[in-house]
Amino acid sequence: MGIREGLLVLLADGPKHGYRLKGEFEEATGQAWPLNIGQVYTTLGRLERDGLVELDTTDSEGRKVYRLTKAGRAEVRDWLTRPVDHRLDARDELSMKLLLTLFAGVADPLAVVDTQRAATMTALQDLHRLKQETDPDDLPWLLHLDRLILRAEAELRWLDLVEDRLPERRRRPAAVHEPAETEEVTG
Amino acid sequence: MTEVILRMRRVGRTYGEGSRRVDALVDVDLDVAPGELVAVTGRSGSGKSTLLNLAGTLDRPTTGTIEVDGRHLGDLGPRRLAELRRRTIGIVFQELNLIPSLTAAENVALPLELDGTDLRVARQAAEAALDEVGLGAMVDRYPDELSGGEQQRVAIARGLVGTRTLLLADEPTGALDELTGEAILRLLRSRCDAGAAGLLVTHDPGWAAWADRVVLLRSGRIESVTERSATPPTPAELRA
Ligand SMILES: Nc1ncnc2c1ncn2[C@@H]1O[C@H](COP(=O)(O)OP(=O)(O)O)[C@@H](O)[C@H]1O
Ligand SMILES: [Mg+2]
């Protein structure tokens, strides 16, 4: 998605000018996605060109107020009722890195796993601290953080699974000693 | 050097002998300072509970040394250890160990009373702790009148009540739903922010990430330690 869909949804609520759209967009997304006013007007220009919005009036301060067209309304309905297609994210960089490492044999895939695990855990710790410092009433920001947190957790789980599936994993020392090894060791 | 409440040096714990020998913990170095929450995570069997039990003075290491609040545990007899557990250490176990014939508030007040706290004061502290875990309305219920999650929260209140400076929790969010688990972690976190040293054991990296430091155990050894970034991202940097 782009800010295009965001602006269309906000305009479904009534005609608005660019500055108001910018403010509402940032409020709705818990400041997670700051916009500059240039982006907003460029996007409105494209939406106008595509027949999804049209000029409503120019307000007393000379700002252009836009409203949805019938086609724009249909576009909003369509976007909100369509599930997000995550198949489009299939070319994930981490997956690619691991699959290519495995295929080409140029590096230890477990090292890739370990490095990523530490980095993702740090990121997750940072997210949790931000969440702890968040005003419990700031719902948009909390929901966004929850989403980022669960995504990081899913990545950590996936890394564990990768490790379990790799044959190299079996060569790592286990906690349980082989009988031959324990002979000379005293408790 | 900063003072630490818990200091473990080259700590090892071996169970069994010969072919049944298991090195549950090997060469573990760990410090937890006041104000800090440290998480220990790792797969099942990686040694997490073993580490926590050693820190809680419920078990003795095979090798290495452990200090709690400046005292070498190896130098203390059973009576002094029990006193240390009552005064200094708060433990939330993986098993709840609630006493069925005592109400929620009595269960929570018990460790304070054992330590000689005035009954009324102990009772008030217990009710406040239960209130913090969202059980303010259930202080007079017996364990069998509470759901599994509620019993778990009683056990947590009991572990965290009072002024203990080393707080140990083994899988405290086990059977709890996400939001209740969050309330528990907030409580532990706030105790640490107020100056306690916290050690949280959990197999779930999502809960571990609440900590300032995350220690990953594998086969009884520390595999990695991760800390929060010195300069955490700002909300604007986390844009979708
Ligand atoms: N009392 C015991 N006797 C023998 N082996 C034990 C005992 N307690 C734990 N172990 C073994 O020590 C290892 C670590 O166990 P534990 O600390 O309970 O792991 P975790 O809490 O991470 O699941 C495991 O291999 C476990 O089987
Ligand atoms: Mg355990």
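Summing Lys, Arg as +1 and Asp, Glu as -1, what charge do residues with Cβ under 12 Å from the Cβ of B:Tyr142 carry, B:Tyr142 excluded?
Cβ neighbours under 12 Å give a net charge of -4.
Hey, what's the protein assembly as shown come to in accessible area per residue, 1.4 Å probe, Å²?
Values: 22410 Å² over 427 residues.
Result: 52 Å² per residue.
Output the antiparallel fraction of DSSP beta bridges having both residues in the protein assembly as shown, as a percent to the nearest 5.
Numbers: 28 of 45 bridges.
If we restrict to bridges inside the protein assembly as shown, about 60 percent are antiparallel.
Among residues other than A:Arg46 whose Cβ falls under 14 Å from its Cβ, what is the net charge (Lys/Arg +1, Asp/Glu -1)?
Taking every other residue near A:Arg46 into account, the sum is -3.
Dipole size in debye (nearest 20) for chain B around its Cα centre, Lys and Arg Cβ +1, Asp and Glu Cβ -1?
My answer is approximately 720 debye.
If you build a Gaussian network model of chain A, linking Cα atoms that sit under 10 Å apart, which residue out of A:Val40, A:Val65, A:Val84 swings the most?
Among A:Val40, A:Val65, A:Val84, the largest GNM mean-square fluctuation belongs to A:Val84.
How big is the gap, in Å, between the Cα center of segment A:56-91 and the Cα center of segment B:27-67?
55 Å
Over the whole of A:124-134, what's the average partner chain Cβ count within 10 Å per residue? Rounded to a whole number, please.
Taking all residues of A:124-134 together, the mean is 6.
Please list log₁₀ I(q)/I(0) at q = 0.07, 0.12, 0.14, 0.15 Å⁻¹ for chain B, using the Debye equation with identical point scatterers on the alpha-carbon positions.
Scattering profile of chain B, log10 relative to I(0): -0.23, -0.69, -0.92, -1.04.
Tally up the carbon and sulfur contribution to the accessible surface of the protein assembly as shown as a whole percent, 1.4 Å probe, everything protein left in place.
Carbon and sulfur together cover 52 percent of it.
Please give the charge dipole size of segment A:90-170, origin at the Cα centre, charges +1 on K and R Cβ atoms and -1 on D and E Cβ atoms. Round to the nearest 20 debye. Present the calculation step by step, with values, prior to reporting the outcome.
On the way: 11 positive and 16 negative charges, 76 e Å.
Roughly 360 debye for segment A:90-170.
When all C-alpha to C-alpha distances in segment A:90-170 are sorted into bins of 10 Å, what percent of pairs does each bin hold, rounded to whole numbers?
The percentages, shortest bin first, are 17, 41, 25, 14, 4.
Check B:Ala197: other-chain or 5+ apart residues with amide H under 5 Å from its amide H, H built from backbone geometry?
Distant-sequence amide H within range of B:Ala197: B:Gly35, B:Leu166, B:Leu167.
What is the ratio of the Cα radius of gyration of segment B:97-163 to 2.2 N^0.38 Å, with N the residue count, to two decimals?
On the way: Rg = 10.4 Å, N = 67, 2.2 N^0.38 = 10.9 Å.
Normalised Cα radius of gyration, segment B:97-163: 0.96.
Diagonalise the Cα gyration tensor of chain A and give the resulting equivalent ellipsoid semi-axes, square root of 5 times each eigenvalue, largest first, whole Å.
Computed over chain A, the values are 52, 20, 13 Å.
Roughly how crowded by other chains is peptide B:12-22, in terms of the mean Cβ count from those chains within 10 Å of each of its Cβ atoms? Intermediate results must be reported in sequence, preceding the final value.
On the way: counts 0, 0, 6, 2, 4, 4, 6, 8, 4, 8, 4.
Mean shielding count: 4.
Bins of 5 Å, beginning at zero and ending with the bin holding the largest distance: percent of Cα pairs per bin for segment B:153-219, please.
Spelled out per bin, shortest first, that is 4, 16, 32, 26, 16, 6, 1.
Give me the one-decimal nm value for the distance between modelled label points at B:Thr65 and A:Val65, 7 Å along each residue's Cα-to-Cβ direction.
7.8 nm
Binning at 10 Å from 0, report for segment A:3-81 what percent of all alpha-carbon pair distances ends up in each bin.
Bins of 10 Å from zero give 20, 56, 24, 1 percent of pairs.
For the protein assembly as shown, what does -39500 (n - 2.57) per DSSP helix run (n ≥ 4), summed and divided by total residues, give at 222 nm, in deg cm²/dmol to the nearest 500?
About -14000 deg cm²/dmol.
With every protein chain kept in the model, how would you rank B:Ile5, A:Ile37 by accessible area, 1.4 Å probe, largest at the top? Let's see the in-between values first.
Numbers: B:Ile5 10, A:Ile37 45 Å².
Descending accessible area places them as A:Ile37, B:Ile5.
Expressed as cubic angstrom per residue, what is the convex hull volume of the alpha carbon set of the protein assembly as shown? Show your work: numbers first, answer last.
Details: hull volume 91.1 nm³, N = 427.
Per residue, the Cα convex hull of the protein assembly as shown comes to 213 Å³.
Compute for segment A:20-124: radius of gyration divided by Kirkwood radius, i.e. Rg/Rh, restricted to C-alpha atoms, rounded to two decimals.
1.20
Inside 10 Å of the C-beta atoms of B:151-159, what's the mean count of C-beta atoms belonging to other chains?
That works out to 0 on average.
Quote the charge dipole size of the protein assembly as shown about the Cα centre in Debye, to the nearest 20; the model charges only the Cβ of Lys and Arg (+1) and of Asp and Glu (-1).
Result for the protein assembly as shown is approximately 520 debye, rounded to the nearest 20.
If you count, for each residue, the other Cβ atoms within 10 Å and average over each peptide, how do A:103-115, B:135-147, B:41-53 line up from highest to lowest?
B:41-53, B:135-147, A:103-115
The values are calculated or read from the model by the stated rules, or taken from the named source; none is laboratory data. Quick caveat: nothing in here was measured; it's all calculated off a predicted structure. Please note: Cβ atoms are built from the backbone with ideal geometry, for glycine as well, and neighbour counts cover all protein chains shown. What goes into the accessible areas is simple: the full protein's heavy atoms, side chains included, and nothing from ligands, DNA or RNA. Shrake-Rupley method; radii C 1.70, N 1.55, O 1.52, S 1.80 Å.
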